[in-house]
Structures are given as C-alpha cells and as structure tokens.
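First comes the structure, then the notes that go with it.
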Amino acid sequence: MKAILIALVTLSFSFSSLATTKEEVQQKTAEAASAAADYSKEQKEQFQKDMESKLDDLKSEIADLKKQASEKTGEAKKEMNEQIAKLEKKQTEMKKDLSKLGKSSGKAWAELKVGMSKAWGSLSESYAKAKTKFQEEK
C-alpha cells in the first residue's frame, strides 16, 4: 500500500512537470511543422540532384551507344538507332518531370517522386536491355 501511495505522489509530480501552456503547445507544434517542412524540402532537393546525376550519366551512356551504332551497317544500325531514339524520348520525358518536380510541393512532390522513381526504373531497364542486345551483336 505504501508503494502505491509513493507511486501516486511521484506520478502527480511528473504530470505537473509535463503540464504546458496552450502557447507552449502551439509553439512546439509550429516548430515541429517547420522542421518537417525543412526535412521534406531537403529530401526533395537531394532526390532532384540524384535524378539529375543519373540522367547525366545516362546521356553519356547513350552517346556511347550512338558511337557504336555509327559503326554498324544495315539492319543492325537501323535497329540500334530506333532503340536509341526510344531511350532519348524517355530521357526527355524524365527531364520534363524533373522540371515539374522542382516546382512541386507537399503531396504533389510525393506523387511525382513515386512516378519518377518508376519511370527511372523503366528507363534504366530499357537501357540495360538495349546495351545487352548490342553487345551480343558484336
């Protein structure tokens, strides 16, 4: 019984130290919202930099494929150029989406991130298939 009484007294002191004013709660809520917004902005900027870097790398890799295609003749050259054109079209679409991403915020940014991640997966898979096919034709 004595232990329960001590526990209740301790709890009452703990609750009084946790008690805050309405203004303190509002301030802490505003600070938390601001911190979340800053974090989201940092995530968005980092994602954007990563995507720009990936697209730059892909541009260089497509240039290598173009060089390989220029050394081909006939049907092989035609097929390579068609695949390269498809890759460049997807790359252009991703650049447009990346531009939209820079202007987006909140829920729109989250949706664009998901869409761009899927598009990047599709684009990298297309590039890998094209590269593998062209290497097999050597």
Test for Asp64: is it modelled with pLDDT of 90 or more and either closer than 21 Å to Lys131 by Cα or surrounded by 11 or more Cβ atoms within 10 Å (Cβ to Cβ) (or both): yes
Qualifying position, being touching a residue at least 24 places away in the same chain (Cβ under 8 Å), of a type in the set (Lys, Arg) and assigned to a helix (DSSP H, G or I), among Lys96, Lys90, Lys49: Lys90
Single residue of Lys78, Lys41, Lys90, Lys49 found to be closer than 18 Å to Ser126 by Cα and exposed (fewer than 13 other Cβ atoms within 10 Å of the Cβ): Lys78
Please go through (1) of a type outside the set (Phe, Trp, Tyr); (2) more than 26 Å from Glu45 (Cβ to Cβ); (3) surrounded by 14 or more Cβ atoms within 10 Å (Cβ to Cβ) for Leu58 and return the number of the only condition it doesn't satisfy. (2)
I'd like to know if the stretch 38-55 contains one or more residues that are of a type outside the set (Phe, Trp, Tyr) and modelled with pLDDT under 75. yes
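The values are calculated or read from the model by the stated rules, or taken from the named source; none is laboratory data. Predicted, not measured: the structure shown is a model, and the values here were computed from it. Because the Cβ atoms are built from the backbone with ideal geometry, glycine has one as well, and the counts that use them run over all protein chains shown.
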